[in-house]
Amino acid sequence: MRLLDRFQGGSPSAAPSNMDAEKNPQTIDKADFKLFRPRILTMGILVSMGGFIFGYDTGQISGFLEIPNFLDRFADQTNIDGSPAFSQGRSGTIVALLSIGTLLDAIIAAPIADRLGRKLSIVFWNIIFCVGVIVQIATTYTWYQIALGRWVASLGVGGLSVLTPMYQSETAPRYVRGALVSCYQLFITLGIFVAYCINYGTESDRSARSWRLPMGIGFIWPTIMAVGIMFMRESPRWEYRKGKTESARNSIALSYGVPISHPEVQRECKEIEEKLEAENAGGGEPKWYEIFTGPRMLYRIILGIGLQALQQLVGANFFFYYGTSIFESVGLPNSYVTSIILGAVNFGTTFPGLYIVEKYGRRPSLIYGALWMFMCFLIFASLGHFALDQQDPTKTQGIGYTMIVFACLFITGFAMTWGPIIWAVVGEIYPSRYRAKCMGLATASNWTWNFLISFFTPYITGAIDYRYGYVFASCCFAGAVIVFFFVCESHGRTLEEIDTMYLLHVNPIKSRKWEPPNGNEIPNVDNLYLTPGARQIKKKEGTGVPSEERRNGVMQQPLTDEGTATEASGAYQ
């Protein structure tokens, strides 16, 4: 029985066997699959290099704002002692233009990825990033050339921020999908840490090499990724949508490390095929508005946008973008060392996050992580506002060190939960037909709030000092509530099963224990993939729709015993 037939209310002609390995993944012997195979490790390292590129670019700009030669060339005002300094507007513009470009490109990258494929798109956006780096390095004393170069580079970062988790989600075996997608965040943290270390090594150099060398090193990462991805397989779900079924089967078999005849490969291919037939019942390319009008799509669009916004609003980038400046203001002798400590904590504690996402699942990790960050930010903000001597922080240096401890505890919670897991969740909740566009829109939300926080933080902290942390604390608490009530547990499920959970309105609170009916039968969901007009057509009990007619977008369904037929187009809406 095809998936579309089940959605139309058809009844299976025979009850499927509980022992059918293709339909019941629980019967698959997990010993068949090796967790740390070279292909999985390569996928985790090479594809996640997109995160490293983003993290490195983020980390280096934080240090540039305090490098003497960079200040001499591009600063627009002076401190009381006559030393050069950036105004809030200029520093905010230089930092935040990265987010503007990534915001735009997160949306542009989706249709390009659908047309060209994931691999070629990844290569293209790496090249764009390199062009942006060249623009920055070539400048001498023109500050807006730095800003413009960061904007061009941000186009590449934005495309990779969509494509990296998308490729991982569509290609990774389901039993390590969460960990592999989370590697994107791991490499973001590694990029930030490496940038902090390089900035620390060059900041004492009084020549332009102090900032040009870190920029030039940035060419290494996109080169590795662009060349390496050409030796990887294309996304099997993209290949299926383009009719390359045999290549897709081979890709899935290689991902699992088993022969193409293995039951798990057959099962996953069958699910992809059935879901694709149901989605394509109306034929043709999906209209742009279908990402809002499709079954349970508006719910998932809002959920994805909200989760990506909250990943920024919990406040991690408050430390990453302005960490050097923040901890210099609390009177510590070398704020670069403090940033390295924060970067090391961020990177090191992301590793346990790869274990947590697969051991405990998405929902508990996000809920407890948000509550932990809520507590840390409350204490950090309270110490900064009520206990720290803001006129002369050296008088209360003990308070400053305590604030750093709670900043590290916050980053630990973020790196183990909301940092990596949000990328995994957003990469899983959308159907293949709309995944690229929906992930682009959700990622654009991430970059929108990234820009707003990075641009307005200097102004807000100047007005309300460390009380700004209370805003982030409230967002952490809101994140825990939203996950509890609206996010379904997707650990250990195929992307097609996750789509089914949202289509069936599975209660998120009970979703961890939800089991798909035998053979993935979908009860009580009639005509779910049809247009509103087609839903009025009552399918005769037990009547199937031939596959060929489905692919042509024509549904010939008998309405009466005499055989009166009606044709209807069924778009996946």
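The values are calculated or read from the model by the stated rules, or taken from the named source; none is laboratory data. Computed from a predicted model, the values in this text were never measured in an experiment. Cβ placement follows ideal geometry from the backbone for every residue including glycine, while neighbour counts extend to all protein chains displayed. Note: areas computed on protein heavy atoms with side chains; ligands, DNA, RNA excluded. Shrake-Rupley method; radii C 1.70, N 1.55, O 1.52, S 1.80 Å.
The chymotrypsin sites (Phe, Trp or Tyr not before Pro) of the range 229-273 that meet both conditions, a loop assignment by DSSP and at most 15 other Cβ atoms within 10 Å of the site Cβ, are 231. In the full protein context, the range 422-522 carries 33 Å² of accessible surface per residue, based on a 1.4 Å probe and ignoring ligands, DNA and RNA. For the range 190-204, putting each phi into the Karplus relation 6.51 cos²θ - 1.76 cosθ + 1.60 with θ = phi - 60° gives couplings of 5, x, 4, 4, 4, 5, 4, 5, 5, 4, 5, x, 10, 5, 7 Hz, in residue order, rounded to whole numbers and with x for Gly and Pro. A Förster distance of 25 Å, applied to the separation of the beta-carbon atoms of residue 224 and residue 138, puts the FRET efficiency at 0.65. Annotation for residue 471 and residue 507: the two label points, set 7 Å from Cα along the Cα-Cβ direction, are 3.8 nm apart. Highest mean packing first, where packing is the average number of other Cβ atoms within 10 Å per residue, the peptides 372-381, 142-151 line up as 372-381, 142-151.
Explain nothing, just the number: dipole magnitude of the range 380-469 about its Cα centre with +1 on each Lys and Arg Cβ and -1 on each Asp and Glu Cβ, in debye rounded to the nearest 20.
Numbers: 5 positive and 4 negative charges, 92 e Å.
Dipole about the Cα centre, nearest 20: 440 debye.
Would you kindly derive the ³J(HN,Hα) couplings of the range 222-227 from the backbone phi angles with the Karplus curve 6.51 cos²θ - 1.76 cosθ + 1.60 (θ = phi - 60°), listing them in order in whole Hz, with x for Gly and Pro? So the J values, rounded to whole Hz, are x, 5, 4, 5, 5, 6. Taking amide H as placed 1.01 Å from N in the peptide plane, the amide H of residue 85 sits under 5 Å from that of 76, 77, 78, 79, each at least 5 places away or on another chain. Label 7 Å along Cα→Cβ of residue 77; the range 438-459 residues with amide nitrogen under 20 Å? Answer for this model: 453-459.
Give me the mean projected area, in nm² to one decimal, of the convex hull enclosing the Cα positions of the range 177-290.
Seen from a random direction, the Cα hull of the range 177-290 projects 11.0 nm² on average.
Using a simple spin-label model with pseudo-atoms 7 Å out from Cα toward Cβ, residue 401 and residue 463 lie 3.5 nm apart.
Place the peptides 265-271, 292-298 in order of packing, highest mean first, counting for every residue the other Cβ atoms within 10 Å and averaging per peptide. It would help to have the intermediate numbers written out before the result.
Numbers: 265-271: 20.1, 292-298: 17.4.
Output ranking for 265-271, 292-298: 265-271, 292-298.
Please report the relative contact order for the range 347-443, taking Cα pairs under 8 Å with a sequence separation of at least 6, and give it as a percent rounded to a whole number. Write out the running numbers ahead of the final one.
Working: 73 pairs, mean separation 39.4, N = 97.
Relative contact order for the range 347-443 comes out at 41 percent.
Size of the dipole of the range 191-301 about the Cα centre, Lys and Arg at +1 and Asp and Glu at -1 on the beta carbon, nothing else charged, in debye to 20?
On the way: 15 positive and 14 negative charges, 68 e Å.
For the range 191-301, the charge dipole is close to 320 debye.
As a rough guide to protection, the peptides 160-167, 174-181 ranked by mean Cβ packing within 10 Å, highest first, stand as 160-167, 174-181. Computed 3J(HN,Hα) for the range 103-112, one whole-Hz value per residue from the Karplus formula 6.51 cos²θ - 1.76 cosθ + 1.60 where θ = phi - 60°, is 4, 5, 6, 4, 7, 5, 5, 4, x, 5, glycine and proline marked x. Residue 287 to residue 107: extension gain in nm, 0.36 nm per residue of separation minus the Cα-Cα distance? Using 0.36 nm per residue and subtracting the Cα-Cα distance, I get 63.3 nm.
Once backbone amide H atoms are built at 1.01 Å from N, residue 139 has no partners under 5 Å, excluding neighbours fewer than 5 places away on the same chain.
Full extension of the chain between residue 120 and residue 270 gives 51.3 nm of extra length, using 0.36 nm per residue less the Cα-Cα distance. Applying 1/(1 + (r/R0)^6) with r as the Cβ-Cβ distance of residue 88 and residue 386 and R0 = 30 angstrom yields a FRET efficiency of 0.75.
Computed from the C-beta positions of residue 514 and residue 260 and an R0 of 25 Å, the FRET efficiency is 0.25 to the nearest 0.05.
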